[in-house]
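Encoded as C-alpha cells, the structure appears first; notes follow it.
The values are calculated or read from the model by the stated rules, or taken from the named source; none is laboratory data. On a predicted model such as this, the values are computed, not experimentally measured, just so you know. Neighbour counts are summed over all protein chains in view; Cβ atoms, including those assigned to glycine, are modelled from backbone coordinates with ideal geometry. Ligands, DNA and RNA are stripped out before the accessible areas are found, and what is left, the full protein with its side chains, is counted by its heavy atoms. Shrake-Rupley method; radii C 1.70, N 1.55, O 1.52, S 1.80 Å.
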Amino acid sequence: MQPITPETVQNEIDKFLNQDVYLHLETTNGAYASHFNQSFFSVGAYIRNAKINFERGVITGEKSPYRAGLKINIGWVYAEGLTHWEVNEDGQLLLAGHDAEGKLAVALQLSPHPFE
Amino acid sequence: MSHEHVLVVFPHPDDEAFGVSGTIAMNTKKGVPVTYVCLTLGEMGRNMGNPPFATRESLPKIRKKELETAAGVLNISDLRCWGLRDKTVEFEDPKTLAARIENVIDELKPSLIITFYPGYSVHPDHEATGAAVIRAVEQLPADKRPAVHCVAFSNDCYEMLGEPDVINDVSSVSDQKLEAIKAHRSQTEWIIAAMAEENKDKVPEVLKRMNREQFWTYKF
Ligand SMILES: [Zn+2]
C-alpha cells in the first residue's frame, strides 16, 4: 500500500460511481485491547460484501489521516483515519488506516465483484 | 497406549506458536502423528507493517503460507484449514461446529486433543473453539474420551483454574520452536524484535520461559 494522495484516490473512487459495487467496511481496536488494559472500552464494526451504489464519493482532509464518504441513494457510508491505499490485482480499491505501529484500525474497500 | 495421535484444534494460524509448538515438535519427534485443524486464516489480523507489507485482502494468503511453513518445521503431516472467517467463530452454530469436530475425532481417534480452555482464553474465537471441542468430546462415553489439554491465558486463569497440571519442558526442540515462531513472520516479527530489544541481557531467561509449555487438563 501507498500513503494516500487524495487526488489519485479521488480518481479511483470515481471509477466506482453509479454502479453496483461491493463494500468492505471495518473498524477495529483488536480483540486483545481489553485483555491488556481492562479499562479499555473495546469496539469494532464490520461489514463485508454489502452491495451498494453511490452517486457521490469524496476523499477529504488537510493531511493524513484522511476521511472518505460515499453518498448512496438512501444513505451514507463513511470512514475516518485513512492513511494508505492500493488498487490490488483484483481491481479492488483498498483504503486503510494504520496506526503508528502499522496496525490496521479502519478499512474501507470497494470491489466490482464480491470480496473473497 | 498403543495408538497415539495428537489432534490440535485452534482458530488462528499462529495460536500454536508460543505455547504449543514445542509440544507438537516433541510428539512428531517421537513419531506420534499430529493433526492440526485451524479454523480460520486469521483474516482479521491487524499487523500490516510500517510501511505496510500486507492488506486486509492479502493477509489470509500470507498467513496460510506461514502456517504451512510452520507445519513443515514441526513435521505436522496433516494440516486442515477449515475456511471459517476470523472473529466469526462464536457466531457459527455451536452444534454444527461441535459435530464437525466430532467427525474428526471419530476419524482419527486421537489419544490427546490440544485446544483452548473455554472461558479462559480471551479471544472470542478461542473461547468458541474450545467450547466446541469440549462439546464434541462430551458426546463420547467417558471411557472413550481422549485427554484434553487446554491453553489458558485470561487474567483470571490462575485464580480460577489453579496451577496448570501439565508442564512440558520443550528445550530439546527449542530450535524447531523458534523456527516455527519465526515462520509466522507477519504476526511474530515485531514481537521478536521487541523481545530482543527489551531483553538484551536476559536472553537466557526468555529462552527458559519459551522452553516451558503449560496446559490445564480439562475435567469433564
Ligand atoms: Zn488466536
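Can you tell me which lysines have their Cα less than 17 Å from the Cα of residue A:71? Leave out same-chain residues fewer than eight positions away.
Filter leaves A:15, A:51.
Along the Cα→Cβ direction, 7 angstrom out, place labels at residue A:88 and residue B:178. What is the inter-label distance in nm?
Taking the simple label geometry, residue A:88 and residue B:178 are separated by 3.4 nm.
Taking 8 Å as the Cα distance limit and 6 or more residues as the minimum spacing, I'd like the relative contact order of chain A as a percentage. Don't skip to the end; give the middle numbers.
Working: 245 pairs, mean separation 33.6, N = 116.
Once normalised by length, the contact order is 29 percent.
What residues does the range B:11-60 have that are buried by at least 10 Å² of accessible area in the full protein assembly compared to the chain on its own, 1.4 angstrom probe?
SASA drop of 10 Å² or more in the range B:11-60: B:44, B:46, B:47, B:48, B:49, B:50, B:52, B:55, B:56, B:57.
Is there a pair in B:65/B:109; B:65/B:177; B:64/B:208; B:29/B:87; B:109/B:182; B:29/B:182 whose C-alpha atoms are over 22 Å apart, and which pairs would that be? Walk me through the numbers on the way to the answer.
Numbers: B:65/B:109 28 Å; B:65/B:177 17 Å; B:64/B:208 29 Å; B:29/B:87 33 Å; B:109/B:182 31 Å; B:29/B:182 20 Å.
With Cα atoms farther than 22 Å apart: B:65/B:109; B:64/B:208; B:29/B:87; B:109/B:182.
Please work out the FRET efficiency for the pair residue A:100 and residue A:32, using the Cβ-Cβ distance as r and a Förster radius of 25 Å; give the result to the nearest 0.05. Display every interim value, and only then the final one.
Values: r = 18 Å, r/R0 = 0.70.
Between residue A:100 and residue A:32 the formula returns 0.90.
Kirkwood-based Rg over Rh for chain B (C-alpha set), two decimals?
Values: Rg = 16.9 Å, Rh = 17.8 Å.
Across chain B, the Cα-based Rg/Rh ratio is 0.95.
Taking the alpha-carbon centroid of each part, what is the distance from the range B:107-158 to the range A:62-85 in angstrom?
The range B:107-158 and the range A:62-85 have Cα centres spaced 42 Å from each other.
Report the relative contact order of chain B, percent, no decimals, based on alpha-carbon pairs under 8 angstrom and at least 6 residues apart.
27 percent
Per residue of chain B, what 222 nm ellipticity follows from adding -39500 (n - 2.57) for every DSSP H run with n ≥ 4, rounded to the nearest 500?
Working: 8 runs with 91 residues, N = 220.
Helix-only estimate at 222 nm: -12500 deg cm²/dmol.
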